[in-house]
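K.L.:
Can you read through this structure? Questions will come right after.
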Amino acid sequence: MVRRTVLAYGGLDILVCSAGLATSAPITETTLEDWERNYAVLARGYFLAARESFRVLLEQGRGGSIVFVASKNALVAGANAAAYSSAKAASLHLARCLAEEGGPSGIRVNTVNPDAVIQGSSIWSSDWKAERASTYGVSEDDLQGFYQGRTKLGVAVLPEDVAEAIAFFAGPRSAKSTGNVVNVDGGVTAAYPR
């Protein structure tokens, strides 16, 4: 991926790691396969993409920006979501580690933490929606309202809201930011970074 980008465009400036999947089950029902799949995509996948991008960014010597899309669950444990939540926490901490390494070379690494982006997400057309509704004791049809109701702003988080945060971290308006987290979750109190 990185090699093709460099060959096609002459270099690399920005990497956004946003691949995602989600599984939900009590820990006693979480399969090793689900655990490994979450870590393969959300931790190892981000690591591999970032490592190869770092190599190019360091060689270019012009800095760059890496943005990880983690989750509110990276900061707040999710019941019946140990594999997903812990893999997201791993990606968040990886971003912080990379911010430490990349800073002296002008490579900024930041994280966007969305929550409950239901519209336009294929995750919610999978078993995840039914499993999360069951965890919270609401119907699938009431899940969006449940998520909105637990936020301080009482809003639905949309894909364009997350895209705006990614664009901020990727672009020049955040030229002096690295190792940071922006939650795009409508205000989930437990996820306030401290």
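K.L.:
Taking the options VAL138, VAL155, VAL162, VAL188, name whichever one is under 15 Å from the mean Cα position of the chain (by Cα) and of a type in the set (Val, Ile, Thr).
P.N.:
The match here is VAL162.
K.L.:
Quick one: which helices (runs of 4 or more DSSP H) sit completely within the range 92-194 and have at least 1 residues that are modelled with pLDDT of 90 or more? Give the steps one after another, and end with the answer.
P.N.:
Working: elements: 127-136, 143-149, 159-170.
So the answer is 159-170.
K.L.:
When the residues of the range 23-44 are filtered to those that are of a type outside the set (Val, Ile, Thr) and closer than 24 Å to ALA170 by Cβ, which remaining residue is surrounded by the fewest Cβ atoms within 10 Å (Cβ to Cβ)?
P.N.:
Only one residue fits best here, namely ARG44.
K.L.:
With respect to VAL117, determine if the residue is of a type in the set (A, V, I, L, M) and under 19 Å from PRO26 (Cα atoms).
P.N.:
No; evaluated as a whole, the condition is false for this residue.
K.L.:
Would you check which residues across the range 39-81 are within 13 Å of the chain's Cα centre (by Cα), in contact (Cβ under 8 Å) with a residue 60 or more places away in the chain and in a strand (DSSP E or B) and list them?
P.N.:
If the condition is that a residue be within 13 Å of the chain's Cα centre (by Cα), in contact (Cβ under 8 Å) with a residue 60 or more places away in the chain and in a strand (DSSP E or B), then VAL67, VAL69 are the ones that fit.
K.L.:
Being at positive phi, crowded, with 18+ Cβ neighbours inside 10 Å and in contact (Cβ under 8 Å) with a residue 12 or more places away in the chain is the requirement here; does GLY186 meet it?
P.N.:
Judged against the criteria, GLY186 is a match.
K.L.:
Hey, can you tell me all the residues within the range 70-121 that are in contact with a helix residue (DSSP H, G or I) (Cβ under 8 Å, 6 or more places away or on another chain), open to solvent by 20 Å² or more (accessible area, probe 1.4 Å) and among the acidic types (Asp, Glu)?
P.N.:
Of everything in the range 70-121, just one residue is in contact with a helix residue (DSSP H, G or I) (Cβ under 8 Å, 6 or more places away or on another chain), open to solvent by 20 Å² or more (accessible area, probe 1.4 Å) and among the acidic types (Asp, Glu), namely GLU101.
The values are calculated or read from the model by the stated rules, or taken from the named source; none is laboratory data. Source: prediction; values computed, not measured. Glycine gets a Cβ as well: all are built from the backbone with ideal geometry, and neighbour counts include every protein chain shown. Remember, those area values only see protein heavy atoms, side chains included, never the ligands or the DNA or RNA. Shrake-Rupley method; radii C 1.70, N 1.55, O 1.52, S 1.80 Å.
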